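Before any comments, here is the structure.
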Amino acid sequence: HINKEITLYGWVDSRRDHGKIIFIDLRDRTGKVQVVFSPDKKKIYELGNKLRTEWVVEIKGVVKARPKSMENPKMPTGKIEIEARGLKILSQALTPPFDLSTDGKDVKEEVRLKYRYLDLRRERLSKNIIYRHKIIKFIRDFLSAHGFVEVETPILTKSTPEGARDYIVPSRLEPGKFYALPQSPQQYKQLLMVAGLERYFQIARCFRDEDTRGDRQPEFTQLDLEMDFPTQEDILGLIENLFKRLIEKIYPEKKIKQYPFPRISYEDAIEKYKSDKPDLRNDKNDPNELAFAFVVGFPLFEFKKEEKKWGAVHHPFTRPKFEKDETIEQLIERIKKDPGKSFADQYDFVLNGCEIGGGSLRIYEPKLLETIFEILGHKKEDIAEKFGHLLKAFKYGVPPHGGIALGLDRIIMILQDEPSIREVIAFPKTGDGKDLMMNAPAEVDEKQLKDLHIKTLKS
């Protein structure tokens, strides 16, 4: 484009005055370029003299090669500059509350989250969001090429006891009744297998009303997938191939320590590494070393001492491991007799000491599923009320099926070498679940509450 006239739009990233000549760096999402305002073009020069950082402008100019001695090898556009011929100020800006030219790690997180739309302008954060897009696009393309169909499942659903506390949404049309936001699409994806979709995936939003726990978010994103007639190895092999190709394509500078990924039994992981999410890297300070692994062979149940009852290690739909030639009746009798000795067709996906996903083969026999619910302490009438829709569906010809869910926020955090998932989410909440930018959660007016037949208790 040397000696060609072009039009550029963007933000004033920085400004420098060298004698009478004004230089600015103009920034957009793709990078920066130097623009020169000379005093011999008086009208444009005077307007350019008013420019301040973060103003939004339109610049017409001619691309010029910089003299060799003036080239900047640190900038991709460092061999050229733009000689300004026209300037429009599209939007002025207040002085930002923090410096946008740094990586932002020296700024209090509360302030960054309050002004997140500014924080996202910095190169580090912008890069994180762009790489998030690249990763999700790669996953979509890969799974589509392997016969998976992307299906969106409902956000307004039913509250069922699956582990974490639900976020509930009141119904205006049916006072006293509530929807729930999904903790995961678990039951819907199993119903899609009943429906004959065969291979499903979704970039799914999940919601869990948990107590403050460090690097958790009230809402987060999963890669959720399910397939029918699988073996455990079918699912693990698919994920293994997906991540091998993803790293080769998007992060060629990173090296996978071992391929195929190791399969480690839960028992061995605890005994050898004292953790069910072992960090297998040779150098734990090297972010470019990726030590993927699958942990398999988990117990089916764990005894919750505080509640004095059995709980599912994964979730109630996880399939128990059958012993050789064991019938379903014999399995049911065995796990009823001693739940603590039963194992699950469950697997976790681990990367550099972090659990990044988990899944299982699923129960598809109604009688076995009811037995699991009973062991977990649910009464027969509660099972029918909470899970009757699933049990009924399973009476219409359900294939054996299984799947996995991967925490995309956590995966992207590790690949981008960030300390927190909040650094790879566009608009995250604080550790205690607050949106400081929107000031949420917030009170609503009395009319809205009256329409929903809700009264609040003042503490």
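What Kirkwood Rh does region 317-459 have if only Cα atoms enter the pairwise 1/r average? Answer in Å.
One decimal place: 19.7 Å for the Kirkwood radius.
Quick check for me: using +1 on Lys/Arg Cβ and -1 on Asp/Glu Cβ, what's the dipole size of the chain about its Cα centre, in debye to the nearest 20?
Dipole of the chain, to the nearest 20 debye: 1940 debye.
Which ³J(HN,Hα) values, rounded to whole Hz and listed in residue order, are derived for region 445-459 from phi using the Karplus coefficients 6.51, -1.76 and 1.60 in 6.51 cos²θ - 1.76 cosθ + 1.60 with θ = phi - 60°, glycine and proline given as x?
6, 4, 5, 4, 5, 5, 4, 8, 6, 10, 10, 9, 9, 7, 7
Would you mind checking the pairs LYS308/LYS386; LYS88/LYS434; LYS254/LYS324; LYS137/LYS254; LYS42/LYS108; LYS272/LYS304 and listing those with alpha carbons more than 31 angstrom apart?
LYS88/LYS434; LYS254/LYS324; LYS42/LYS108
Of ILE44, ILE22, ILE130, which has the most accessible area with a 1.4 Å probe, and how do the rest follow in descending order?
In descending accessible area the options line up as ILE130, ILE44, ILE22.
With the contact rule set at Cα under 8 Å and sequence spacing of 6 or more, what percent relative contact order holds for the chain?
13 percent
Quote the accessible area belonging to PHE220 in square angstrom, nearest 10, computed with a 1.4 Å probe and with ligands, DNA and RNA left uncounted.
For PHE220, solvent-accessible area is about 40 Å².
If you plug each phi of region 11-27 into the Karplus form 6.51 cos²θ - 1.76 cosθ + 1.60 with θ = phi - 60°, what whole-Hz ³J(HN,Hα) values come out, in order, with x for Gly and Pro?
9, 6, 7, 7, 9, 9, 10, 10, x, 8, 8, 9, 10, 10, 9, 9, 10
Let me cross-check GLU219: its accessible surface, 1.4 Å probe, with only protein heavy atoms counted, in Å² to the nearest 10?
Probe radius 1.4 Å; accessible area of GLU219 about 50 Å².
Given H placed 1.01 Å from N in the peptide plane, which residues other than close sequence neighbours of LEU87 have an amide H under 5 Å from its amide H?
HN-HN under 5 Å from LEU87: LYS60.
Amide H of SER342: which non-local residues (sequence gap of 5 or more, or other chain) have their own amide H closer than 5 Å, using H built in the peptide plane?
Residues meeting the criterion, in which the H sits 1.01 Å from N, are LEU300, PHE301.
Evaluate the relative contact order of region 50-176 (contact order divided by residue number), counting alpha-carbon pairs under 8 angstrom at least 6 apart; express in whole percent.
That works out to 17 percent.
If amide hydrogens are placed 1.01 Å from N in the peptide plane, which non-local residues have theirs closer than 5 Å to the one on HIS401?
It is PHE229, ARG362, by chain and number.
Give me log10 I(q)/I(0) at q = 0.13 Å⁻¹ for region 95-200, Debye formula, one equal scatterer per alpha-carbon, no solvent.
Per q value, in the given order, log10 I(q)/I(0) is -0.83.
For a quick size check, give me the Cα extents of the chain along its three principal axes, largest first, whole Å.
Answer, in whole Å and largest first: 92, 60, 40 Å.
Please report the orientation-averaged projected area of region 162-300, defined via the convex hull of its C-alpha atoms, in nm².
12.1 nm²
Please work out the average accessible area per residue across the chain, using the 1.4 Å probe convention, and give it in Å².
With all protein chains present, the chain gives 55 Å² per residue.
Please give the calculated 222 nm ellipticity per residue for the chain, where each DSSP H segment of at least 4 residues contributes -39500 (n - 2.57) and the sum is spread over every residue; nearest 500 deg cm²/dmol? Could you put the intermediate results ahead of the total?
Working: 11 runs with 116 residues, N = 459.
The helix-only estimate for the chain comes to -7500 deg cm²/dmol at 222 nm.
Ignoring ligands, DNA and RNA, please state the percent of accessible area on region 352-459 from carbon and sulfur, probe 1.4 Å.
Carbon and sulfur atoms account for 54 percent of the accessible area of region 352-459.
Relative contact order for region 317-361: what is it in percent, counting Cα pairs under 8 Å that are at least 6 residues apart?
40 percent
Along region 358-364, what does the Karplus equation 6.51 cos²θ - 1.76 cosθ + 1.60 (θ = phi - 60°) give for ³J(HN,Hα), rounded to whole Hz, x for Gly and Pro?
With the stated coefficients, region 358-364 comes to x, x, 6, 6, 10, 6, 10 Hz.
The values are calculated or read from the model by the stated rules, or taken from the named source; none is laboratory data. Everything quoted here is computed from the prediction, not taken from an experiment. All Cβ positions, glycine included, derive from the backbone under ideal geometry; neighbour counts span all protein chains shown. Note: areas computed on protein heavy atoms with side chains; ligands, DNA, RNA excluded. Shrake-Rupley method; radii C 1.70, N 1.55, O 1.52, S 1.80 Å.
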